[in-house]
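Derivation of every value follows stated rules applied to the coordinates shown; laboratory data play no part. Computed from a predicted structure; not experimentally measured. Cβ atoms come from the backbone with ideal geometry, glycine included; neighbour counts cover every protein chain shown.
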Amino acid sequence: MKKLVKLLAAIGTLSLLFSFAACDIPIESELLGNNNKIIEEDPNVKTPGEVSNGGLWSMLDGADMQMWSDPSGLTAELEETSEGLKITVIGNENWWGMCFCNNAATDVAAGAVTFDMSKITKITFEAKASENASMWVSQSNAQAKVTNQKKIDLTTQFETKTFTLSNPGTKDYGVLDIGGGDLSTTVKKDLIIVIKNIKFFDANGNETVPSRNE
């Protein structure tokens, strides 16, 4: 695996601006496990609790969007639109990724507010791409590491996708990770993926939301 640099970026509900900082980490598979991030906060950081204007969340009251980077810079660009969260892949190092967390500017070592995901058994969302493609989804555990990574196929029309969780924790860093490259998923410059209507379900099939450990 190539050496990577991890970037945090948080976007405001109406802002398209990113602020970011980076640090060295050993390998791609340990991308989320690094606890020595240097943070530069954006004054337009999205406050946890704000609802995405593009219908990104069904019931959750909002989450930050933490983009990751490689030595070439940002791996993808985000834009909140009326259709959903638009992700434009850059993928110069043949991967891209991001995490939906409580606050993109706070890592595990800094005492990030975590989520109790223990009552969540599955997540559904609607997604499409600018061409037939694929991406991966995963859980983000207490150490902010990718776990239970699964491949999701995408078409040019919105389709509902289901992600079944495995042993979710009571102090998970994020509610969902998504990306490309691993599991032979698509990484193509300027590929566009749109995601919306993210829902969480309990063991009884009832829609619910994870709670924050504040």
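Quick notes on this structure:
- Taking label positions 7 Å along the Cα-Cβ direction at both Arg212 and Asp153, the computed distance is 3.8 nm, reported to one decimal.
- Here the calculated FRET efficiency for Val113 and Asn167, from their Cβ-Cβ distance with R0 = 22 Å, stands at 0.55, rounded to the nearest 0.05.
- Low-density loop cleavage sites - chymotrypsin sites (Phe, Trp or Tyr not before Pro) in segment 56-128, where at most 12 other Cβ are within 10 Å (DSSP): none
- Loop-located trypsin sites (Lys or Arg not before Pro) in segment 158-192 (DSSP state other than H, G, I, E, B) with a sparse environment of at most 11 neighbouring Cβ atoms within 10 Å: Lys189.
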